[in-house]
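To start, the structure itself, in structure tokens.
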Amino acid sequence: MRDFWRCLAAGLLACLLVRETNASTVSAVTIPLAKAIADSRLIVVGRVEEISEYRFSNARKKMATTRYFAVRIEEVLKSRESATTNWQGRRIAVLDPQEMFYQEEADLIAAEVISFVDARYPTKVPQIAAGDRLIFFLAGPEAARKLPLPDARFLICGHAYDTLAIKRAILKQLK
């Protein structure tokens, strides 16, 4: 009888360990302003003209939807782009990479078989609406080239936008 209980305990322990190795982990990381500035290829002040949805087929051929912001650029605070590119007045599509990732990997996340870092900027903007003037921290164009949206750009991380109140701090760090 003693061997029976030992085998049962060993079996339960093995099941728990196997479950733990298959469980996903999400590491939440907050990106401070200094890192957002350093990691950005382009930092712009822009007015949100509209909030739209982008529909795409994810890796498992299921339709997924994520939102994007159509932003009219009013001012460039930082640019590591070609000096010949004129951004003033240009309309771009801005997507949140975390929202896109959550839609692309929804099945794996639900099955708890994927581990990832959820990097987010601690924005002071509770919700974006059309007409808002915000600062956007943008990645390079190469990440968004496969998207059929005109002039699409990803934010450098989740929620990488903020109010105009931080403009002075950005300009000070860029000097």
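If the condition is being within 14 Å of the chain's Cα centre (by Cα) and either charged (D, E, K, R) or part of a strand (DSSP E or B) (or both), then the stretch 130-152 contributes F136, F137, L138, A152. Here is a check on your reading of the model: is I170 of a type in the set (V, I, T), over 22 Å from T65 (Cβ atoms) and assigned to a strand (DSSP E or B)? Criteria not met by I170.
Listed by position, the strands (runs of 3 or more DSSP E) inside the stretch 1-111 whose residues that are closer than 23 Å to D132 by Cβ and modelled with pLDDT of 85 or more number at least 2 are 42-57, 63-79, 91-95. Determine which single condition K175 fails, assuming it passes every other condition in (1) touching a residue at least 40 places away in the same chain (Cβ under 8 Å); (2) of a type outside the set (V, I, T); (3) farther than 20 Å from Y54 by Cβ. Looking at each condition in turn, K175 falls short on (1). Does the stretch 139-154 hold any residues that are closer than 18 Å to E49 by Cα and either at pLDDT 95 or above or surrounded by fewer than 15 Cβ atoms within 10 Å (Cβ to Cβ) (or both), and which are they? Selection gives P150 alone. Residues satisfying the criterion are present in the stretch 119-136 (criterion: closer than 18 Å to V45 by Cα, aliphatic (A, V, I, L, M), open to solvent by less than 30 Å² (accessible area, probe 1.4 Å) and free of Cβ contacts under 8 Å to residues at least 40 places away in the same chain). For the stretch 158-175, the candidate set comprises residues that are among the hydrophobic types (A, V, I, L, M, F, W, C) and modelled with pLDDT of 95 or more; within that set, the residue that is most open to solvent (accessible area, probe 1.4 Å) is A165.
Rundown of residues vs (1) open to solvent by 10 Å² or more (accessible area, probe 1.4 Å); (2) more than 25 Å from R168 (Cβ to Cβ); (3) polar (S, T, N, Q), yes/no style:
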residue: R41; (1), (2), (3): yes, no, no
residue: V44; (1), (2), (3): no, no, no
residue: E50; (1), (2), (3): yes, yes, no
residue: M63; (1), (2), (3): yes, yes, no
residue: R72; (1), (2), (3): yes, no, no
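The values are calculated or read from the model by the stated rules, or taken from the named source; none is laboratory data. Keep in mind the model is a prediction, meaning the values are calculated, not measured. Here the Cβ is made from the backbone with ideal geometry for all residues, glycine too, and neighbour counts use every protein chain on show. Areas reflect the complete protein model, heavy atoms only, side chains present, ligands, DNA and RNA absent. Shrake-Rupley method; radii C 1.70, N 1.55, O 1.52, S 1.80 Å.
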